[in-house]
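Chemist: Could you have a look at this structure, given as structure tokens, before my questions?
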Amino acid sequence: MTRVEFYFNVPDKLAKVTELCDKAVAKGRQLTVFTQDDGMSNLLQQRLWQYSATSFLPSVGPEHIASQDAPIIVDAEGSNLIQDDILVNLKTGHPPFFSRFRHLIELVGLDEEDKAAARSRYKFYRDRGYQVKSTDAAAAVG
């Protein structure tokens with residue numbers, strides 16, 4: 001069964017995704033990041049490729065020729081799923097294909113609209129029998 005984890009009080013979702021990708025890739029894991037749209041996908045890929053002065057996090061879109069070998073797939077459509085390890089959801093709704101992944105990560109920002117959408121997703125997963133872990137990103141920093 002898919003492990004579901006919510007990080008809430010996330011001030012910068014793309015920064016958090018980059019941090020999570022760094023940790024996961026260092027452990028040899030693969031990620032699919034399900035973004036709101038192509039604009040968000042492009043912005044995230046820029047952040048990943050420019051992660052630090054001495055390293056980068058290789059990422060591609062699902063249609064890219066290197067997608068079979070890339071540790072991070074950035075996708076706004078979800079129509080060509082390549083791996084089934086970790087899914088990071090940045091959309092407001094639940095991904096219809098989340099259950100094929102081993103681990104689902106949901107990020108919740110600071111604004112009330114995002115929190116309301118997250119509560120709906122949380123209830124959706126819980127009502128279907130998934131155990132949901134919650135982590136306060138603000139507490140983890142301090």
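The values are calculated or read from the model by the stated rules, or taken from the named source; none is laboratory data. Please read all numbers here as calculations on a predicted model, not as lab measurements. For neighbour counting, all protein chains shown are included, and Cβ atoms are generated from backbone atoms with ideal geometry for every residue, glycine included. The accessibility values were calculated without ligands, DNA or RNA, using every heavy atom of the protein model including side chains. Shrake-Rupley method; radii C 1.70, N 1.55, O 1.52, S 1.80 Å.
Chemist: Residues of the stretch 7-23 being open to solvent by 10 Å² or more (accessible area, probe 1.4 Å), in contact (Cβ under 8 Å) with a residue 40 or more places away in the chain and of a type outside the set (S, T, N, Q), which ones?
Modeler: TYR7, PHE8, PRO11, LYS13, LYS16, LEU20
Chemist: For the stretch 1-19, give me the residue count where each residue is more than 22 Å from PRO96 (Cβ to Cβ) and part of a helix (DSSP H, G or I).
Modeler: Filtering the stretch 1-19 for residues more than 22 Å from PRO96 (Cβ to Cβ) gives 8-12, 14-16, 18-19.
With the extra rule that they be part of a helix (DSSP H, G or I), the set shrinks to 14-16, 18-19.
Matching residues across the stretch 1-19 total 5.
Chemist: Sticking with this one: Would it be correct to say that VAL4 is closer than 30 Å to ASP127 by Cα, in contact with a Gly (Cβ under 9 Å, 6 or more places away or on another chain) and crowded, with 21+ Cβ neighbours inside 10 Å? Step through it out loud before you land on a result.
Modeler: Numbers: closer than 30 Å to ASP127 by Cα: yes; in contact with a Gly (Cβ under 9 Å, 6 or more places away or on another chain): no; crowded, with 21+ Cβ neighbours inside 10 Å: yes.
No; evaluated as a whole, the condition is false for this residue.
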